[in-house]
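Read-outs throughout are calculated quantities, based only on the coordinates presented, and are distinct from any laboratory measurement. This structure is a prediction, so every number in the text was calculated from the model and none was measured. Here the Cβ positions follow ideal geometry from the backbone for every residue, glycine too, while neighbour counts run over all protein chains shown.
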Amino acid sequence: MNLLARFEGMAEFLFTGAFKKGAARLQPVEIAKELVKAMLKNKQISISQVYVPNIYRVYLHSSDWGPLASFGDVFLIELSKYLFAEAARNGYTFLTKPAIELHSDETVNPREMVVEVDFDDSIDVDWGDEEREEEKEQKIQKEQEIKEKETVGELDWRECTTIFNEYAKPNLLDQGLIGRNSEYFLEIIEGPDSGQSFSLKDAEVFVGRHGQCELVLHDPEVSRRHLKIALGENCWWLDDLGSTNGSLVNGQRITHLSVIPGDRIQIGQSVLVIRRLTPA
């Protein structure tokens, strides 16, 4: 039995029972099937691994989204665990545990869905049933250091307080970057939103048509989540998020590229330029 057939059978068993009422709405098992299809369709084969997307964004009409959203994270975690197990059984590799997102979008028809996928090794998905290994190791190491110092009589009382604990120190580097970054802004020089500007005060900015993006464009040729702009060292990094029409910088199509103030960033009909505030 192939992967998809086996998944559909198991998904029917896991997700159908509690949702038989109100069958006029989109059922969780249908979402599960579409997720595994998206996983298989977008696998990437490297020299020694087969990678599958670890981010799945599901866009639903509000009439379908509402009942599912009421279950909170429980349903999303179950989907995440199942995708993880299916990938492991078939030798596929995730960059991290898979993250499932449900979004309400009135442009999607009732009982239909749009699934967007992405690869991102920076996310951290918490299933709520285990400590993160890094934190656990740090805790064990810290406890061991304290025990060793107690044994030789070198324990400093300050090491046992939050005020002097190194993990409680504020991230001054990040604060400095945000302060410096607030001097820059994104200006839209062409497209439906021409003439508008957006402050680049955050370390990351998502650009697209969806209302949850930091910068929402009213350009029909722009994808729901089209582009990510992230602060780098003396530059900004652009990542095309698998958009339909692509992203261009100075006329060249890109997937991942650094830019500086003055470069022309084109997505759909819109052209954006990073500029620095001129002192008054």
- Could you check how many percent of all C-alpha pairs in the range 217-261 are farther apart than 14 Å? 48
- Task: Please label the shape of the range 184-274 as rounded, prolate or oblate, based on the square roots a ≥ b ≥ c of the eigenvalues of the alpha-carbon gyration tensor (a/c under 1.5 means rounded; beyond that, a/b larger than b/c means prolate, else oblate).
- Result: rounded
- Task: Quick one: compute the contact order of the range 22-107, relative version, from alpha carbon pairs under 8 angstrom and 6+ residues apart, as a percent.
- Result: 38
- Query: Which of the pairs Lys43/Lys228; Lys37/Lys201; Lys97/Lys201 have their Cα atoms more than 27 Å apart in this structure?
  - Reply: Lys37/Lys201; Lys97/Lys201
- Item | Largest-first principal axis extents of the Cα set of the range 182-225 (Å) | 30, 21, 11
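Sort 48-54, 225-231, 75-81 by the packing proxy (mean of other Cβ within 10 Å over each peptide's residues), most packed first.
Ranked by mean Cβ neighbours within 10 Å, highest first: 225-231, 75-81, 48-54.
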